[in-house]
Structures are given as structure tokens and as C-alpha cells.
1. Can you list the lysines whose alpha carbon is less than 19 Å from that of A:LYS111, not counting same-chain residues fewer than 8 positions off?
2. Share of the range B:135-216's accessible area from carbon and sulfur, percent, 1.4 Å?
3. To the nearest hundred square angstrom, how large is the accessible surface buried between A and B, total for both chains, probe 1.4 angstrom?
4. Whole angstrom only: what separates the Cα centroid of the range B:186-209 from the Cα centroid of the range B:117-148?
5. Place +1 on the Cβ of every Lys and Arg and -1 on the Cβ of every Asp and Glu in the protein assembly as shown, take the dipole about the Cα centre, and give the residue among A:GLY84, A:MET70, B:GLY175 whose Cα lies farthest towards its positive end.
6. How about the range A:4-21: which of its residues lose at least 50 Å² of accessible area in the presence of all protein chains relative to their chain isolated, using a 1.4 Å probe?
7. Please give the average number of partner chain Cβ atoms lying within 10 Å of the Cβ of each residue in B:85-98, rounded to a whole number.
8. Please grab the % of Cα pairs in the protein assembly as shown that end up more than 35 Å from each other.
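The values are calculated or read from the model by the stated rules, or taken from the named source; none is laboratory data. Please read these numbers as outputs of a predicted model, since none were measured by experiment. Positions of Cβ are generated from backbone atoms using ideal geometry, with glycine treated the same way; all protein chains shown enter the neighbour counts. To get the accessible areas, we keep the full protein, side chains included, count just its heavy atoms, and leave off ligands, DNA and RNA. Shrake-Rupley method; radii C 1.70, N 1.55, O 1.52, S 1.80 Å.
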Amino acid sequence: MMDNKTFIVAGLIIAILIGFIAVFMASSDPDGLESTALVIQGEKSLTGVTPPDAEVQETLEDTFSYESLMPDYSLGEEWGALGGIIAIIVGTILAFLVVIGLAYAVKMGAKTNQ
Amino acid sequence: MHIPDAFIPIWQGAIYWIIALIFIALALRWAKNELNEEKLPLVAVLAAAIFAIQSFNLPVSMGTSGHLVGGALVAIILGSPFAAVFILTMVLIVQAVIFGDGGIVTLGANIINMGVIGGFVGFYTFKGLMAGTKSMPVSAFVAAWLACVIPALAASVELFLAGMFPLVEGMIAMGTYHALIGVIEGIITVAAIYLIMKARPDLVDQGVYSVKGAAPV
């Protein structure tokens with residue numbers, strides 16, 4: 001059986017490897033939600049392929065908009081695949097740290113309340 | 001099925017946030033009571049792995065792609081739907097804030113769909129099917145498939161209320177695409193359970209091994 005340290009290292013390496021492969025091999029087709037929006041807006045048929053220029057129209061008013069740090073898991077065109085890899089590594093490690101941090105925070109809170 | 005900010009008006013997003021916060025509070029209570037030094041690495045590694053796997057969009061035909069969400073996987077492995085709420089909330093926050101995947105105002109709705117509905121549907125379907133079939137792969141596959149399809153249908157109702165999708169057309173399209181994407185969810189969930197059972201059998205909830213142990217003690 002793996003000890004905790006090996007499990008964490010192995011888990012993070014597998015996660016980052018999956019993300020690394022994803023940068024090069026992930027499908028660029030829209031996800032189920034975007035596909036549905038394209039079908040409803042008449043840009044694609046239910047079972048047909050998605051035209052390369054298909055784009056979801058933003059039809060609603062009173063919505064919020066926000067510019068994220070690394071939109072679409074990239075650092076922009078000029079960074080190319082390297083930007084994608086950096087984004088995936090940052091995200092994977094951040095997800096790990098956020099959960100560790102929050103778990104410790106709630107545990108610490110639990111201790112001080114006792 | 002991450003709903004972007006442009007798809008839901010702010011006031012409706014606020015309502016989903018309030019509902020989501022109730023479940024987040026319950027998930028934090030779960031973390032406080034259930035997480036110990038032994039389990040913490042698994043929980044954190046699961047969060048990292050789910051983030052990475054979610055970036056891997058696989059083609060599912062019909063001009064559409066999809067990826068694992070992971071609500072059923074987390075709930076089954078850790079033996080509680082609140083584990084899914086806890087981990088998916090954190091993953092969704094990182095995705096929305098840093099990478100603009102899903103929205104900020106719509107984050108509440110996304111947490112409800114993928115964390116809460118995905119976690120509860122996944123956990124209780126698994127528990128029920130384990131009692132009936134005694135087969136982990138069959139139970140986990142069906143649980144994960146439903147934990148992809150039901151949240152997608154919930155999202156289509158939310159987007160109908162938002163004025164974005166017509167109800168029936170939206171549900172048909174969302175249901176069709178996520179019935180395909182759910183197969184990915186099922187396969188990866190079963191494979192990941194096997195993998196974790198092999199690496200650290202002690203960290204996997206007893207419900208995965210036996211029907212009797214499925215009841216929370």
C-alpha cells in the first residue's frame with residue numbers, strides 16, 4: 001500500500017500528465033451546454049457537426065461579465081501550447097492547495113471551538 | 001455543463017447562490033467532522049485530479065465534446081454526497097475565478113448542478129444499486145451516468161427560467177448530448193474507483209466493498 005506522501009506525489013503527477021495530454025489532444029468541439037445553445041440559436045442541427053464559425057449569441061440583458069486571469073486555460077495566442085500547459089499546472093496545484101487549505105482551516109476552527 | 005455568466009440574469013444567479021451557500025455550509029460541516037489527517041491527502045488529490053481531467057474534452061459525436069464532472073466519483077469514494085459538494089465547489093471556484101470557465105454569478109447554479117445534484121444523484125443511485133446488484137462497476141457506471149444527465153436537465157430548466165432556452169427543445173438537446181457525455185463519466189468513474197482501491201484501499205468508503213457498510217455509521 002502506498003504511503004500518504006507517495007499517494008499525493010503519484011496523484012499530482014498523474015493529474016498533471018492528464019492535463020498535459022489534454023492541451024494537445026482535447027476536442028475543440030463545444031461542450032453539451034454550448035452545443036444546446038447553438039442548436040437553439042439555429043447555428044447547428046441536433047445531431048449534426050458544429051460549423052467552425054458557429055458562435056453562441058449573448059441574448060440576455062442584466063448579466064454579469066468578468067475577465068479572468070487565464071481565460072480558456074491559456075495565456076493567450078503568443079504563448080501557444082506552453083501557456084496551456086502552465087495554465088493546467090497552475091490550476092491543478094491550486095485546486096490541491098485550496099482544498100488542503102480549507103480543510104485545515106475548518107479543522108483549526110473546530111479545535112478552537114472546543 | 002458550466003453555465004457562463006451571459007446565460008443567467010444576475011438576480012436569478014443570486015438566488016442559486018443563496019441555495020448553494022446552504023449546501024456549502026453543510027459540506028464544510030462534513031469536512032470538519034469527517035476529514036482527518038489520513039483522508040485529507042485523498043481529498044486534495046481528488047480535487048487536483050478532477051480539475052485536470054475536466055480540462056480533457058473528449059469528442060462524443062454530434063459536433064460535441066464532454067469531460068468528466070466527478071460528482072458521483074467523489075461521493076462514492078468518500079461515502080457522502082457532501083464530499084462531492086465540498087470538492088466540486090472548490091474546483092468550480094478555481095475554474096471560474098482563474099480560468100473563466102463557468103461564471104461568477106452563475107457559480108451558485110453550477111455548484112448546485114454539478115456538486116449538489118451530481119453528488120446526491122450519484123451517491124444514492126450507487127447505494128441503491130449496490131444493494132440490488134451487488135456489483136460495484138454496474139452500480140458506479142449507472143450512478144455516474146445519471147449524475148451527468150440529471151444535472152444537465154436541471155441546467156436546462158434553469159436556462160429556461162433565465163429566458164435562454166425553450167423548455168422542451170433545451171431538455172431534448174441537453175439530454176441527448178449528456179446521455180453521450182455520461183458514458184465518459186461512467187467509464188472514468190469506474191476506472192478511477194478501481195485505481196484508488198488498488199493504491200489505497202483504506203481510504204475508500206466501505207460502501208464500495210459491501211452493501212452492509214454502505215449505511216453511514
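1. B:LYS32, B:LYS39
2. Answer for the range B:135-216 is 78 percent, counting heavy atoms of protein chains only.
3. For A against B, buried area totals roughly 5600 Å².
4. 13
5. Projecting each Cα onto the dipole axis, the largest value belongs to B:GLY175.
6. Those residues are A:ASN4, A:PHE7, A:ILE18.
7. Counting Cβ atoms of other protein chains within 10 Å of each residue's Cβ and averaging gives 4.
8. Cα-Cα pairs in the protein assembly as shown separated by more than 35 Å: 16 percent.
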